[in-house]
Structures are given as C-alpha cells and as structure tokens.
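Contents: one structure, followed by commentary.
Readers should treat all values here as calculations from the given coordinates under stated rules, not as data from a laboratory. Just so it is clear, the structure is predicted and the values come from calculations on it, not from any experiment. Glycine also receives a Cβ, built like all others from the backbone with ideal geometry; neighbour counts cover every protein chain displayed.
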Amino acid sequence: MFENIDPSIFLVILPEILLLVLVGLVLLFDILWKGSKGRNLGWLTVAGIGVILIATFILARPGDESRLVWGGMLRHDWLGFIFTIIFLFGAGITALFAMEVPHLGHRGEFYLLMLITTVGMSFMASAADLIMLYLAIETASIPLYILAGFFKTEDKSTESGFKYLLFGALSSAVMLYGFSLLYGFSGTTDIYALAQGLLAGELSLVLLLGPLVFVLVGFGFKISMVPFHFWAPDVYEGAPTPVAGFLSTASKAAGFAVLMRFLLAAFPETMPYWSVTIAILATASMTLGNVLAISQKNIKRLLAYSSIAHAGYALIGVAAATTFGITAAIFYLVVYVITNLAAFGIVAAFSRVANSEEISEYAGLSRRSPGFSWAILITFLSLAGMPPLGGFIAKVLVFAAAMEANLVWLAVVGVINSIFGLYYYLIVLKVVFLYRSEDEGKPFPITRTYNLAFAVLIFGIILLGTVFAPWFAWSGTAALALF
C-alpha cells in the first residue's frame, strides 16, 4: 500500500510536522513547569523554532523546478519556502517579546495558539487548491481571534477579540462564497487549472470576474487593505502588544503570499483588470493610512494606520504584476516584517515599565535609556523609508517597479505618501529625543530578552539596507516561481 509513496513529500511539510511536535512539547512542559518556571515555555518555543529553521534550511529547500505534492494540494516552490521562513522568524521574535508580558509569557496556551496559527500560515503560502487554501486560512485565523482577546479581564482586549472574530467571520464567508462560485463555474478546485481553463477558452472571463471580487474581500481583510481595514486600529490597540505585532507582520505577509499566488497563478489572463484595481486599492490604502495616522495619540493605533499604509506600498509591486514588481513586493514584506516587529517590540518594552501606550509618555526617554532610544530611531526611520536602512531600499524598489510597469502616477502617489509618513514618524522621535520629562533622571530598564530581540531586529534592518543584494536575489527566486 505504501510502496509508491515518495518519502521526499514528507520533507515538503517538514516545518509543519516539526511545529506540531513543538506544540506537543509545549503542552507537556506546560503541565510540568508551574509558577515562575512557566517563563521557560518561551525559551522552549524560541529554541524549538530555531531548530525548525535550521532543519528547514537544510532539508526542506525546494529544487529548481516547482512541483505539486500531496495530491495537488500544495506547491513546493521558493515562494512558499521563503514565506515559511518569514513566519517562523516572526513567531520566534514574538515569543521573545511575549515572555516579559505579565499574564501572557507564562501561559502555555499562548505559545500553543501562536504555533498552530504559524502552521496555518505556512500552508497558506504553499496552497495550490481552493479547499486546502480555505482550511489553511481558517487554521491561521481562528487561533488569532483567541489571541487578540487573550486578556479576558481587560475590556479592550475582549472587544478586540470579538471585533476581529466578527469581521473575520464575515470576510471569510464572503471569500468562501467566491471559492464556491469558482468551483461551480470551472468544475475544479485546482488554482492552476483555472488559468489553464482560461487559456484554453473553456472558462468565461466575465463569469470569473465576479467570484474574483468576492475572493479579494477575504484577502483584503487579511492584509488590512482599504476598504477592508476598519478592524485594524481597534484590534491592534486592544490585543496584547506581541499579538498585535504578530498580526501586523506574519499574518499580513501570509495574506500577501496568498494574494500574489492566487492572482498570478489563477488569473494571469485577467491581469489588465486586476492590476488597475490593485493600483487603486494601493493608492487608497497608502493615503488613508498615512492621513489618519497623523492625528493619533496612542502609539499602537498609529502603528495600525501605518500598517494599512505599508500594505498599500507593498501592493504597488503587486499592481506592477511583473517579475521585478513581485520581487520588490516580497523584499518589501521581508523588510516590513523585521521593522514592524521591532516597532511593536518597542511598544511592549515601554508599556511594560511605563504602563502606558500614549505617545506623550515617551518624553525624555532618550535621557533615560540612550540605547533603547537609538533602537526607536532606527526602527521609525526605516518605517519612514530613510537611507541607509532597509525601509529605504524597499520603497525604492516598489516605486521602481511601478515605473517599469508604466504606472508612473502610482509611483508619484507613493512618494507623496512617504512624505506624509515621515511626518508622523518624526512626531514620535521628536517626543523621544526633544521633549523633557520629570522622570528623565530615572534609568529605564530593558530586560535581556528584549535586548536580544532588538539586537537581532536592528541588525536585520541595517543589513537589509546596506547589503540587500542576496536577500533581493532570494526574493527574485521566489517571484520567478509565480511566472
């Protein structure tokens, strides 16, 4: 019965298998480690993810040719591989930040839910079938609904989880309706077979445009793209800060991975239609996100609107719909994940001591902790797109992709929006470095766990801005898998 099974197909899902093994270990040691020992669950999770990353690099790398595995449910290619690495990295850093958060870092269920949602994200990036894609999205989403409302005794957290659940369930239902229409019109759930049907003239382009709109609703919700962005500010503000950081980075990257594969694999023939639509949505996301971020007083809400704007910047590369454009979008997401993890880590480290998320409370911080303040400076300047940091290179590349695709107006809109973005990031830096505080003589403690996470992230931000060629080449390899 098992004679014809190729053992190599198990290496394709090696990261997911090892993540489930790690889930079992977390469950076991959650029973054994009680009280203060519960903090060790964070170190177990970080170490386990580190082992999984190494094993994935060594054993699970795809070959030169993409291939369908597990009955056509998954596609083993560089796009799925690179995004899986991104999700694992994001989960590891999030575990480091969560360890120091009261009522979060000592609880095994937090790490359990985070690991399960990472499994779902990994399958999302590799899904080649509508059924597999939907199951992966729900596997990634349902634990996130719980994590967003993890603090049951806090009104903001429960509100965050409830809103995320309601909006997520609605968008998921609309997306599933789109999937059902695609299956009804085409008779297949294979994403790549949809493109073949269009090329052969067997499927009507007009019939498929309607379902495509429904599907984009679900994907737009995952990446907090306008007009499906309205959940983000309230959910980010109420969710535990490490969870908000994971939502704004790994979850968003998973949504982009699905969006790019779905549009380019299933609907290459409709590119002129959806390219213009994505360009318009990118413009709306950039503009609305940046304009509304300016007036924010709460730093998590500011980062939420900033996240909406950054979704717009990444969408520029998707709208270009060229190999260079997709490469630029993937590279942008790599930089964004590292930088935004650092931004939410900063918020977590500050609120842990100051018990506040208001921007005004950051006054005098440069005198209390110069090293921490430099981390804030580098992170926010990278988000603003200032050289020689990763954010600058990422924005230059997506703008160049728009120019190459003759979307000059979109590149101009992106540049103008970058100026707006620079303004509100500088507001935060002004408070940190120029404003005075009565407490500025008191040292601001940063734990070794946070210092370790910041060291990794700040190094990554600088490295991606100065030695970006290898990472851009990897992004190019992933992009080629879609063409």
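Residue count for region 76-94 under the criterion of being without any contact (Cβ under 8 Å) to a residue 60 or more places away in the chain and either closer than 29 Å to I131 by Cβ or more than 15 Å from the chain's Cα centre (by Cα) (or both): the result is 1.
Note on region 145-184: among residues that are surrounded by fewer than 17 Cβ atoms within 10 Å (Cβ to Cβ) and of a type in the set (F, W, Y), the one that is nearest to Y236 (Cα to Cα) is F162. On the stretch given as region 415-447, residues that are of a type in the set (A, V, I, L, M), touching a residue at least 12 places away in the same chain (Cβ under 8 Å) and in a helix (DSSP H, G or I) total 8. A Cβ distance below 6 Å, combined with a sequence gap of six or more or placement on separate chains, defines the contacts here; from region 105-118, residues that are touching a residue at least 60 places away in the same chain (Cβ under 8 Å) reach residues that are polar (S, T, N, Q) in the pairs Y111/T45. With respect to I461, determine if the residue is buried (at least 16 other Cβ atoms within 10 Å of the Cβ) and of a type in the set (A, V, I, L, M). Criteria met by I461.
Here L383, L397 are screened, and the one residue that is touching a residue at least 60 places away in the same chain (Cβ under 8 Å), within 23 Å of the chain's Cα centre (by Cα), surrounded by 15 or more Cβ atoms within 10 Å (Cβ to Cβ) and under 18 Å from I299 (Cβ atoms) is L383. A single member of A329, A375, A348 is crowded, with 18+ Cβ neighbours inside 10 Å and under 19 Å from L426 (Cβ atoms), and it is A375. Within region 131-166, work out how many residues are under 16 Å from the mean Cα position of the chain (by Cα), in contact (Cβ under 8 Å) with a residue 24 or more places away in the chain and farther than 19 Å from F228 by Cβ. Adding up the residues that qualify gives 2.
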